[in-house]
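S.K.: What follows is a structure written as structure tokens; I'll ask about it next.
What follows is calculated from the coordinates using simple rules that are stated; it is not laboratory data. In this text the structure is predicted, and so the values were computed from the model without any measurement. So basically every Cβ, Gly included, is an ideal-geometry build from the backbone, and we count neighbours across all protein chains shown.
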Amino acid sequence: MQPAIANPLDEKLWQALQTSHLRLASHVEFSQQLHRGQLWVIIHDPVRNQFYKTTPEIQQLLQSLDGKRRLDEILAAQPALQTIVQERAQALKILAQLLEAGLLQGDFKYDYGEDLERQRQKNRLLGKMRWQRPWMLKMPLFNPDRQLDWLYRKTRLIWSAPALLVWLLTMVAALVALVDHFPQLKAYWSTRFLDPVNLLLLILVYPLLKAVHELSHGLTTKKWGGQVYEVGLMFLVFMPVPYVDASGSTQFPIKQQRMLVAAAGVMTELFCAALALFIWIASDNILVRDLCMNVMIIGAVSSVVFNGNPLLRFDAYYVLSDWLEIPNLGSRASLYLSKRWQQILLGVEPEPMPMAEGEKKWLLLYGILSGTYRLILSFTIALYIAGHYFFIGVLLALWAAVLQIVLPFGKGLAKLYEVAKTHGRRPRFFLAYGAILAALYAGLFVVPVRHATQAEALLRVDGGYQIKAGAEGFLQEILVHNGEQVTAGQPLLVLQNSALPAQLDAVLAQIAEMEILLSRYLTTVPDQAGFYRDQLQRLRQEESDLRESLANLTVTSAVAGRVEIPAPDDQLGRYFAKGDLLGHVLTKDAHRLVALVPERLGDGVLRDVQRARVRMATDPGHEYSAVDLQAVPQAVAQLPDAYFGSRRGGAISVDISDNSGTRALEPYFQVEMRLDVQDQPPLAGRGRVLFVHSDEPLGLRWLRQLRHLLLQRFEI
Ligand SMILES: [Zn+2]
């Protein structure tokens, strides 16, 4: 933050400086950096660990301050410094900053009380800024420079080029191993992560790994002779995490050095995560594997998501800003955006800001992306906490809303109004903001938006039609393949029984013999013909049974549906008795689905369902629709099936002290429905249902949800 100096005061201050004898404090350090082809000088005050950026001419001026000559004499003696006299704003700013910091000594007598007061106010405001993000408080502890020097001498080999090569190779190996073992890792994570022992380990591992992370920032700073002035504790969502102030690297002249210092933390964490992966693969001890999994989650996932994200002011931000050679990328981006806004909204040309070649597009891009992202992140964190600790979360959400929207917006508005007033653009100001408000209102309360609720689901496939052996025999051929769609009457399997034709032949011979006998008795002894008639009838029955069995050796389906024969290759050649089960034909209504909708979303969600779309975990690319929705009106925490619960790999968190794995942590509405299967029916298992509702303006929906949440919390 630089003190804003008003123009009339500038002139007075400049005059006062001209006649004073100034000398620069001896401990001030200079270093040079190249930003976008332009040479800059970094001034470092090691006592307060402050950095100032300026031009080589001003450095020359500062170095010629000897405390004996007056400033105007010095300037007159050096023609090279004449540009400073002409464009004095920059020189004035840095001189005022150095005076304020006590780095310029001499007989300077000037009451810039007004400036000072403004600066103090700004500092007080900065002090307050620390509380703007209550999930990130800082507590400085001590100066670790000597200890780091000692540690750097002991670990010098780690911070070398060959070690960087080792790091790179390890990363490649770990990536290959990760792809190989990902399914096992995922399965292990889903069963172990929520275990209390594992959560305890996680809380222990987190600060340790972060300590290693910070240490590597410090030691990489040491590699190029930088100073580290401060270590401390940061409370990240109330968890203590160590930090090292590695801003000493700001002075490094080569940008790759500064980038490496900023990246060292994440690189070290990734290395730890890679080692943990190798140990996880090799070990079968559950405690060791839990430990490794936590190192992987923190070192690879959380470090990349937070520290590795340049949109947040963590490590990757500094890497990016050094790489782009745009110092103060974040604050300059917001300054640039506000100037552009003023130009677009009021048509008033803003005061130009010094800008290097090609900076503009980066400032614009970064300003928009990081602003949006940070806003979303603040609210997501607040809402997450609200979901678990309601009142704290609501307070945090309000806090975030006030500090990140209301205050900056109000301040910007006031400033813009000031500009509009001085340039006589007041009507345009009100017109523009009126239009914005109208658009906002329309967007929230008029334009209907598609809206859907997602729910976890489990697909059950009922038995359906049973494929049974119609006659005893060996399974010779399967005419259909698993999953095939068949029609009623279509042949499915062929059984083979070589005894049946022989038996039929024997019976046919007996029948022929019996017919001759019968005709003979009918003509000679009609009284005794009855016995033979009965025999013949019995044989004819046997014949028809045998013919039926022969026909039944080809098994057909009585219904239309999809064939499911378990392990068809193993069944071939096996012997089956009549009536043995060979498989199923699943009819259309065999696919029944149960979905669970959290009660907190309100039962209104289920009252307005236009369509229900289903995706199964086994085949997420294919979408089905569900019909005949029937919701159970009472929400319960008891899950209908343990497969929904996290204990059995489901997505719904369950009480880990409950052995059945069916006690959910919150109540759910149960919705039963039937899957409308067209061609390719899915296998039973987990899936997700998307309940598509009627279109509704966003604002109305949010209001309704808020009302529901309040009603539920306060049980009015
Ligand atoms: Zn870091």
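S.K.: log10 I(q)/I(0), Debye, Cα-only segment 136-323, no solvent, q = 0.11, 0.15 Å⁻¹?
M.R.: Reported log10 I(q)/I(0), two decimals: -0.51, -0.94.
S.K.: Then there is this: Can you give the net charge of the other residues whose Cβ lies under 11 Å from the Cβ of ASP245, counting K and R as +1 and D and E as -1?
M.R.: That works out to -2.
S.K.: For segment 276-285, what does the Karplus curve 6.51 cos²θ - 1.76 cosθ + 1.60, with θ = phi - 60°, yield as ³J(HN,Hα) per residue in whole Hz, taken in order and with x for Gly and Pro?
M.R.: Listing the rounded values in order: 4, 5, 4, 5, 4, 5, 7, 8, 10, 7 Hz.
S.K.: Between LEU335 and ASP180, what length comes free when the chain is fully extended (0.36 nm per residue of separation minus the Cα-Cα distance, one decimal in nm)?
M.R.: Answer, rounded to one decimal: 51.1 nm.
S.K.: Continuing with the same structure: I need the peptides 366-375, 346-355 ranked by packing, meaning the mean over residues of other C-beta atoms within 10 angstrom, with the highest value on top.
M.R.: 366-375, 346-355
S.K.: Now, a different point. Between rounded, prolate and oblate, where does segment 588-714 land on the alpha carbon gyration tensor, with a ≥ b ≥ c its root eigenvalues, rounded for a/c under 1.5, else prolate if a/b exceeds b/c?
M.R.: Because a/c hits 1.5 or more and a/b fails to exceed b/c, segment 588-714 counts as oblate.
S.K.: Under a straight-distance cross-link criterion of Cα-Cα below 19 Å, which lysines are reachable from LYS415, leaving out those fewer than 8 residues away in the same chain?
M.R.: Filter leaves LYS122, LYS339.
S.K.: In Å³ and rounded to a whole number, note down the convex hull volume per residue for the Cα atoms of the chain.
M.R.: Dividing the Cα hull volume of the chain by its residues yields 245 Å³.
S.K.: Then there's this: Straight-line reach from LYS468: which aspartates and glutamates have Cα under 16 Å away, leaving out those fewer than 8 places along the same chain?
M.R.: Cα-Cα hits under 16 Å: GLU477, GLU548, GLU564, ASP580.
S.K.: By how many nm would the segment from LYS588 to ALA442 lengthen if fully extended, with 0.36 nm per residue of separation less the alpha-carbon distance?
M.R.: Between LYS588 and ALA442, full extension yields an extra 48.0 nm.
S.K.: Same structure, new question: Using just the alpha carbons, could you tell me how many Å³ per residue the convex hull of segment 328-446 encloses?
M.R.: 126 Å³
S.K.: Specify whether the C-alpha gyration tensor of segment 212-284 places it in the rounded, prolate or oblate class, a ≥ b ≥ c being the square roots of the eigenvalues: rounded for a/c under 1.5, otherwise prolate if a/b is larger than b/c and oblate if not.
M.R.: Since a/c reaches 1.5 but b/c is at least a/b, the shape of segment 212-284 is classed as oblate.
S.K.: Using modelled amide H (1.01 Å from N, peptide plane; none on Pro or chain starts), what sits under 5 Å from the amide H of LEU479, excluding residues fewer than 5 places away?
M.R.: Here LEU493, VAL494 satisfy the definition.
S.K.: Placing +1 at every Lys and Arg Cβ and -1 at every Asp and Glu Cβ, with all other atoms neutral, what dipole size does the chain have around its Cα centre, in debye to the nearest 20?
M.R.: About 3480 debye.
S.K.: Starting from one equal scatterer on each C-alpha and no solvent at all, send me the Debye-based log10 I(q)/I(0) for segment 473-632 at q = 0.10 Å⁻¹, two decimals.
M.R.: With one equal scatterer per Cα and no solvent, log10 I(q)/I(0) is -0.64.
S.K.: List the residues, sorted by chain then number, that are 5 or more residues from ASP580 or on another chain and whose placed amide H is less than 5 Å from its amide H.
M.R.: Excluding prolines and chain starts, which carry no amide H, the hits are ALA469.
S.K.: Can you work out the Karplus-derived ³J(HN,Hα) for every residue in segment 521-536? Use 6.51 cos²θ - 1.76 cosθ + 1.60 with θ = phi - 60°, whole Hz, and x for glycine or proline.
M.R.: Karplus values, whole Hz, x for Gly and Pro: 5, 5, 7, 9, 10, x, 4, 8, 5, x, 4, 6, 4, 4, 4, 4.
S.K.: Work out from phi, with θ = phi - 60° and the Karplus expression 6.51 cos²θ - 1.76 cosθ + 1.60, the ³J(HN,Hα) of each residue of segment 79-94, listed in order in whole Hz, and give x for Gly and Pro.
M.R.: Listing the rounded values in order: x, 4, 8, 4, 4, 5, 5, 6, 10, 7, 4, 5, 5, 4, 4, 6 Hz.
S.K.: While we're here: Report the full-extension gain for the segment GLN535 to LYS421: residue separation times 0.36 nm, less the Cα-Cα distance, to one decimal in nm.
M.R.: Extra length available between GLN535 and LYS421 comes to 29.0 nm.
S.K.: Roughly how big is segment 604-663's charge dipole about its Cα centre, with Cβ charges of +1 (Lys, Arg) and -1 (Asp, Glu), in debye to the nearest 20?
M.R.: The dipole magnitude comes to about 80 debye.
S.K.: Next up: When the Cα centres of segment 222-287 and segment 340-371 are compared, how far apart do they sit, in Å?
M.R.: Here the answer is 33 Å between Cα centres.
S.K.: Cβ under 13 Å from PHE429's Cβ, PHE429 left aside: what net charge do those residues give with Lys, Arg +1 and Asp, Glu -1?
M.R.: +4
S.K.: Could I ask something else about it? Quote the FRET efficiency, to the nearest 0.05, computed for MET353 versus LEU572 with a Förster distance R0 of 51 Å and r equal to the Cβ-Cβ distance.
M.R.: Efficiency, from the Cβ-Cβ distance: 0.05.
S.K.: Between ARG611 and residues 5 or more places away or on another chain, which pairs have amide H atoms under 5 Å apart, with H built 1.01 Å from N, and which residues are they?
M.R.: Residues meeting the amide H criterion: VAL692.
S.K.: Out of PHE429, ALA397, ALA439, whose Cα points farthest toward the positive end of the dipole of segment 328-446 (charges: +1 Lys, Arg; -1 Asp, Glu; placed on Cβ)?
M.R.: Looking along the dipole axis, the top candidate is PHE429.
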